[in-house]
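First comes the structure, then the notes that go with it.
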Amino acid sequence: MSPHDPELWAGFDQMTPEDVAGPVWDEPVPLTPRGQLPAFPVDALPDWLATMAAEVAEETQTPVDLAGCLALAVLGTAAGGRVIVHVRGQWREPVNLYTAVALPPGNRKSAVFSLMTQPLLAAEKALVELTAPQRAEAAASARMTKAAAEKAAAKAANAEADKRAELTAEAVSLSQAADRATVPAEPQLVADDITAESLTTTLAQQDGRIGILSPEGEIFEIIAGRYSGAPNMGIFLKGHAGDMVRVNRMGRDAQHIERPAITMGLAVQPEVLDSIGQIKGADGRGLLARFLYSKPESLVGRRNLTPALLSPDTAAAYTQKLGHLALALAAWTEPAELTLTPEADAVLLAYQRVTESRQDKGGSLRPIIKWSSKRDGAVARIAGLLHLAAHPADAWTRLIAADTMAAATRLGDYFTAHALDVFDAMGADPAQDTAHTLLTHLHETRTATFTKRELFRGLARGDFPAMSDLDPALALLEEHGWVRQQPPAGPPRVLARGGPRPPPAAARSRRAPRPPSPRYETHPRITPGA
């Protein structure tokens, strides 16, 4: 038959390209893009602080982001409640911050916290010792006043009628004096695992300030209601903004805190950071928007086992400057007010214009508008802290300079990039991370086809403990067009005369065979040139 004979090609006009070459692949839909996040700009810190953060990161072989964020938190703890940045007009910002760094276990977070917070704990101990005589005197005075009031009350009760009124008035006066007598609490700069109620009491005792510095994220569980059974975030909201707190509870003394200043420096596991958005009311009431987030890349698996060690001179300079700042500000009863040079104000105003324009519809900050609405205030706070670090002996006598504000905007950009990633993860499909893991594995192994069982055997058990854990990720990859499941094998082979070939008697007596594992093929983009 001639190749030009129409009968040879009969029916081929009904065929589709898929019939000849298999199903055609559409362009896959990318999973949520996860670009490289910026590293902490440690050079934006004053020299003594930048050197400490960099050397601590080197010795512990941890991302410099952890030590850098903690450097800001310890400054905020030292100065919180004692310093305010007066931006312009009625706009004032306290200098306390909330920072949260996400790192997996095994990243030596505790070692970094110990090195960075040690001078604060030393300053706290020094304050306890320095105020011991004052507290002892106040305690003795309170005891004597109470004893005098009790003695006067007894005397008035047993007095003759003509002297009772006079003695009663004296007893009342002494009783009022005894009620007013207070014994100052031991100074405390740092707390860790603390309930919302205890935090309010501690703030009242510590003249309205405290730092919560912890290498764990337990405070989020407390906020979510670990002890109360319901979210309790009011004090954490007011403690960031500096809004007045008044607490009246039956059976307890009323508590009044004029300007609460809470600083938080936390390190949490990444899944904790991704899940805090589920705390009821955390987003709506603005708690999530108050944190400065950091999601550095873990160095585990590629750490230098013989790193350069922290220099004694660097540690001594850090201890001296931070300790001096904490002790100098501890005795202040009214906060110092820092103001900007005209040039620094111009830098911040230009930054505000960028923030405003990017919050409009379609702008890059629109998806995190609650967080970005606090971005400029956070930059002003950071500028205040950098100014204090640059001039720890007399910062309150100087104006915040333009280069300090410019350094603060660099840190603002860093935290913005990380906030975008964090909030994207909070709202993402829970299978997003595991789908990324599978897609990376398939790209690296250039896998064209695989069964579900083969894929499971090639993955780390830590990522996928059970084979069923693959299902959500595979479904998402299939939905995005990166993989597709092949049709199951056809029905049992049929003999020429009759139905399926019956299995041998021995096979019929054994357990039914395990069904074949589903087979998938991958998009050609995964195996280019294969």
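All of the numbers you see were taken from the coordinates with simple rules; none came from a lab. What you see is a predicted model; the values in this text were computed from it and never measured. A quick note on method: Cβ atoms are made from the backbone with ideal geometry, for glycine too, and the neighbour counts reach across all protein chains shown.
The table that follows gives values for the structure above.
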quantity: For the stretch 113-258: span of alpha carbons on each principal axis (Å, largest first); calculated: 67, 37, 24
quantity: Unit Cα scatterers, Debye sum, the stretch 286-365: log10 I(q)/I(0) for q = 0.15, 0.23 Å⁻¹; calculated: -1.11, -1.10
quantity: From phi via Karplus (6.51, -1.76, 1.60), per-residue ³J(HN,Hα) for the stretch 514-519 in Hz, x at Gly/Pro; calculated: 5, x, x, 5, x, 10
quantity: The chain, relative contact order in percent, only Cα pairs under 8 angstrom and at least six apart counted; calculated: 20 percent
quantity: Alpha-carbon centroids, the stretch 325-371 and the stretch 53-92: separation in whole Å; calculated: 14 Å
quantity: Descending semi-axes in whole angstrom, ellipsoid equivalent of the chain, from the Cα gyration tensor; calculated: 64, 30, 22
quantity: Cβ-based net charge around G239, under 12 Å, with every Lys or Arg adding one and every Asp or Glu removing one; calculated: +3
quantity: Within the chain, helix-based [θ] at 222 nm, where runs of 4 or more DSSP H residues each add -39,500 (n - 2.57), nearest 500; calculated: -15500 deg cm²/dmol
quantity: Overall dimensions of the stretch 27-101 as given by Cα atoms, namely Rg and Dmax in Å; calculated: 17.1, 58
quantity: Ratio of the Cα radius of gyration of the stretch 58-174 to 2.2 N^0.38 Å, where N counts its residues; calculated: 1.98
quantity: Alpha carbon centroid spacing (whole Å) that separates the stretch 380-397 from the stretch 142-200; calculated: 42 Å
quantity: Under-5 Å amide H pairs with G211, H placed in peptide plane, nonlocal only; calculated: V190, A191, T263
quantity: Given K109/K238; K295/K361; K280/K370; K238/K361; K109/K370; K238/K370, the pairs whose alpha carbons are separated by over 23 Å; calculated: K109/K238; K295/K361; K238/K361; K109/K370
quantity: Residue exposure sequence - R92, R302, R259 - by fewest surrounding Cβ within 10 Å; calculated: R302, R92, R259
quantity: The stretch 92-137: equivalent-ellipsoid semi-axes (sqrt of 5 x gyration tensor eigenvalues, Cα, Å); calculated: 31, 18, 7
quantity: Ranked packing of 380-388, 359-367, 120-128, most packed first, by mean Cβ within 10 Å; calculated: 380-388, 120-128, 359-367
quantity: 10 Å-binned pair-distance histogram of the stretch 115-164 (Cα, whole percent); calculated: 22, 23, 19, 16, 11, 7, 2
quantity: For the stretch 360-482, alpha-carbon Rg relative to the globular expectation (2.2 N^0.38 Å, N residues); calculated: 1.66
quantity: Phi-based couplings in Hz for the stretch 382-396 (Karplus 6.51, -1.76, 1.60; Gly and Pro marked x); calculated: 4, 4, x, 5, 4, 5, 4, 5, 6, 9, x, 8, 8, 4, 6
quantity: Normalised contact order of the stretch 288-392, rounded percent, pairs of Cα under 8 Å and 6 or more residues apart; calculated: 38 percent
quantity: Distant-in-sequence amide H partners of L338 (H built 1.01 Å from N, under 5 Å); calculated: I84, V85, H86
